[in-house]
Amino acid sequence: MTDEPFETELDVYRDRVSKPLFRLFGTYGLGEKWWLVLGLVTSVLAYGTVLVTPIVLGTTIDAVFTGESAYTLPLVPTAWLPTEATAQFWLSAAVVGGALLGGALLQWVRGVSMNFFAHGVMYAIRVDAYEKMQRLDMTFFDNKETGEIISILNNDAGNLEILFDNALGDSVRIGVIVLGVTVALMYTNWQLALVTLGAVPLLIGFTWWFMRVIEPRYTRQRETVGDLNTRIENGLSGIELVKTTSTEEYENERVRGVSRDVFDAQMDVLKLSYFYRPGMELVTGSVLLATFVLGGLWVFSGPPLFFSGELTTGDFVVFMLLTQRLTDPLAQSASIVDWYQNAKASGKRICGLMDVPVRIQDAPNAIALDDVDGRVEYDDVTFAYETGEGGGTSTERPVLDGVDVRVAPGETVAIVGPTGAGKSTVAKLLLRLYDVSEGAVRVDGHDVRDVRLADLRSAIGYVSQETFLFDGTVAENIRYGRFDADREAVVAAAQAAEAHGFIEGLSEGYDTRVGERGVKLSGGQRQRIAIARTVLQDPEILLLDEATSAVDTETEYLIQRSLDRLAADRTTLVIAHRLSTVKGADRIVVLDEGQVVERGTHEELLAADGLYANLWGVQAGEVESLPEEFLTRATERPANRRD
Ligand code: ATP
């Protein structure tokens, strides 16, 4: 792992994204557009009702209590209104009550529609991003930290949800209220309205300034939180190493360090926020006070200063009530800008993920692979891993160089060689987890790049070096990939894999939960479950990568017996360190530094007295160590590995 910034393919594609929110809206939002339309329309109406109460109260005070003007209601013809004061009073009360009730109902519809819209969009984005992630090449995962991918699917999707739900709803609210209040105030008394509305540009200017100064602090805060997540995730996945090396204090110190950075960054943000809120309140409070003083003087003793005309008590009440309604929405505009910026950054990451090209996928006219005979050929194969730097184009020294291996149907061929020779890479190329740089890998004479990926992979049973089990029961793990298999088939597979005995001994037999990644089982048990899974798959080609590496001699014997049974009538490629397990192979291919250096049967290779004979001598205890030339190679740091 490196602490230096390392530009991956995802970073490159993310930086190329422009207008991510438009793009996401165009792709995913249009499907939910009717929820959005309903949400927006009801928002406008719901927030419009907020203005009804102050206006009706104002007009009622003037007509019913002070008699300063005639009784009117906005948008209602005067002829329809009662002339008697008590009736006017009750009508006003009914209108205010109706507005409150209607407002509540509209708010409910608004909330439901906006939520359906936002969550519907998020559902579609999340599912699509996950599907895309599943199709991405192994190279992508080699170069990307899992924490970051999870963060795209979780946090980034969450940020968009906030934008589509809260921010969109709040923008409409602010728009409607500011516009409605402006119109109502101008209509009531345009001169005093100019004083009150003077607050709006002031507040907008203040908010704009605040966003500019706080933005870099927010970016820093997000970065520190990201660092903290990565640190915690690393600490958790390495918990066993931490405990066994007693490095708890060292890890605590590291988390303490990044937590301190988070604290400092958050305080930097908060210090400004503390200043912003009261600042906003001071501005609006001052305007409210100015409106109160000028309006009050006006009602008492006629127009003050350069004002002219009349201001009734009711108008004065309308002003005081509406001015207050203006403050809160404007103060919230800062959060909207903030949500928007967050969502934009997240949208870029999501679109970046969607744009990363998938290179390993079915060719346009991919061939179906039926009735596989099991002929496997590596034809002059050269391969180098891509490091991912600079958009995943940079490749290093070849890991395999001109490798030729041919396996006839039903044959067992072993690949052996010192560590780092490229043995596992040979296996991964057959599964087409990576594509060759030169040459070709063929199954039944078809280049693996020309056949349907799903057909290819289901024809190959792969038991890998690191056995992975999903959190679920033993039976579910054996059935993984053959989900329709019944209990008898599962038990038969477990028996063939020499796993039935220990499974029966578990607390709940086949229904025992194995824990995350199978932690509740031993390495040997996990391997046997993986073998049972492969038995159930019944593939034409078997690919065994160090399948007996994690077990004792007895278990190794059991596993070997089950594998021999499994390999008996199918093409088998065994990648092994322990030469004793491949002694009986039809042919053994010896790899060294990515090249085939020897090939033949066990006896032929011993007679040749080359690398294989030396490796065999060390493992059989006949010689103490490999000759110096092999040792130096094994201790060299591979050129293409990032530490
Ligand atoms: P071992 O016996 O130790 O498992 P191996 O012979 O199976 O070794 P490989 O795993 O095929 O060796 O690795 C061959 C070389 O490729 C090594 O130098 C390794 O560092 C490099 N390598 C393996 N996987 C990757 C990867 N995903 N990205 C970059 N380099 C890799």
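Do we have Gly279 as in the same structural domain as Tyr187 (by TED's automatic domain parsing), of a type outside the set (Ser, Thr, Tyr) and crowded, with 21+ Cβ neighbours inside 10 Å here?
No, not satisfied.
Which residue, of Gln324, Gln332, is out of contact with any His (no Cβ under 9 Å at 6 or more places or on another chain), among the polar types (S, T, N, Q) and closer than 18 Å to Ile162 by Cβ?
It is Gln332.
Matching residues to (1) within 16 Å of the ligand (Cβ to nearest atom); (2) modelled with pLDDT of 90 or more; (3) closer than 26 Å to Arg452 by Cα:
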| position | (1), (2), (3) |
| --- | --- |
| Lys348 | no, no, no |
| Tyr378 | yes, yes, yes |
| Val381 | yes, yes, yes |
| Asp404 | no, yes, yes |
| Val407 | no, yes, yes |
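Condition first: away from the ligand (no atom under 16 Å from the Cβ), over 19 Å from Ala493 (Cα atoms) and among the basic types (Lys, Arg). Now tell me which residues in the stretch 549-585 satisfy that.
Lys583
Kindly provide the set of residues from the stretch 413-426 that are more than 7 Å from the ligand (Cβ to nearest atom), more than 20 Å from His446 (Cα to Cα) and either surrounded by 22 or more Cβ atoms within 10 Å (Cβ to Cβ) or at pLDDT 90 or above (or both), ordered by number.
Ala414, Ile415, Val416
Yes or no, residue by residue, for (1) more than 17 Å from Gly420 (Cβ to Cβ); (2) surrounded by 12 or more Cβ atoms within 10 Å (Cβ to Cβ); (3) at pLDDT 65 or above:
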{"position": "Gly600", "(1), (2), (3)": "yes, yes, yes"}
{"position": "Ala620", "(1), (2), (3)": "yes, no, yes"}
{"position": "Val623", "(1), (2), (3)": "yes, yes, no"}
{"position": "Leu626", "(1), (2), (3)": "no, yes, no"}
{"position": "Glu636", "(1), (2), (3)": "no, no, no"}
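Take the residues in the stretch 427-445 that are charged (D, E, K, R) and closer than 15 Å to Arg375 by Cα, then tell me which one is nearest to the ligand (Cβ to nearest atom).
Going through the qualifying residues, I end up with Arg442.
Could you give every pair whose Cβ atoms fall below 7 Å, whose first residue belongs to the stretch 554-570 and is within 16 Å of Phe502 (Cα to Cα), and whose second residue is not charged (D, E, K, R) and not in a helix (DSSP H, G or I), counting only separations of at least 6 or pairs across chains?
If the second residue must be not charged (D, E, K, R) and not in a helix (DSSP H, G or I), the pairs left are Glu556/Thr548; Ile559/Ala547; Ile559/Thr548; Ile559/Val551; Ser562/Ala497.
Of a type in the set (S, T, N, Q) and out of contact with any strand residue (DSSP E or B) (no Cβ under 6 Å at 6 or more places or on another chain) - does that describe any residue in the stretch 452-469?
Yes, that holds for at least one residue.
Only residues in the stretch 448-477 that are over 16 Å from Val535 (Cα atoms) and within 16 Å of the ligand (Cβ to nearest atom) count as the first member; pair them with residues that are of a type outside the set (Gly, Ala, Ser) and assigned to a strand (DSSP E or B), Cβ under 6 angstrom, at least 6 apart or cross-chain, and list the lot.
Gln465/Asp545
What is the number of the single condition among (1) part of a strand (DSSP E or B); (2) touching a Lys or Arg at 6+ places or on another chain (Cβ under 8 Å) that Asp404 does not meet?
Result: Asp404 fails condition (2) only.
Please specify each residue of the stretch 589-602 satisfying the condition of being more than 25 Å from Arg397 (Cα to Cα) and either within 16 Å of the ligand (Cβ to nearest atom) or hydroxyl-bearing (Ser, Thr, Tyr) (or both).
Thr601
Mind checking which residues of the stretch 79-124 are crowded, with 16+ Cβ neighbours inside 10 Å and among the hydroxyl-bearing types (Ser, Thr, Tyr)?
Selection gives Ser92, Ser113.
Say whether the condition of being at pLDDT 80 or above, surrounded by fewer than 13 Cβ atoms within 10 Å (Cβ to Cβ) and touching a strand residue (DSSP E or B) at 6+ places or on another chain (Cβ under 8 Å) is met by at least one residue in the stretch 353-365.
Scanning the stretch 353-365 turns up no residue that is at pLDDT 80 or above, surrounded by fewer than 13 Cβ atoms within 10 Å (Cβ to Cβ) and touching a strand residue (DSSP E or B) at 6+ places or on another chain (Cβ under 8 Å).
Just give me the residues in the stretch 158-200 being of a type in the set (S, T, N, Q) and either in contact with a Lys or Arg (Cβ under 9 Å, 6 or more places away or on another chain) or in contact (Cβ under 8 Å) with a residue 60 or more places away in the chain (or both), in sequence order.
Matches in the stretch 158-200: Asn159, Asn166, Ser171, Thr188, Asn189, Gln191, Thr196.
The rows are residues; the columns are (1) closer than 24 Å to Gln324 by Cα; (2) not in a helix (DSSP H, G or I).
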site: Asp11; (1), (2): no, no
site: Thr27; (1), (2): no, no
site: Trp35; (1), (2): no, no
site: Gly48; (1), (2): yes, no
site: Pro54; (1), (2): yes, no
site: Gly58; (1), (2): yes, no
site: Ile61; (1), (2): yes, no
site: Ser69; (1), (2): no, yes
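So is Gln191 modelled with pLDDT of 85 or more, in contact with a Pro (Cβ under 9 Å, 6 or more places away or on another chain) and away from the ligand (no atom under 16 Å from the Cβ) or not?
Criteria met by Gln191.
The values are calculated or read from the model by the stated rules, or taken from the named source; none is laboratory data. A quick note: this is a predicted structure, and the numbers were derived from the prediction, not measured. All Cβ positions, glycine included, derive from the backbone under ideal geometry; neighbour counts span all protein chains shown.
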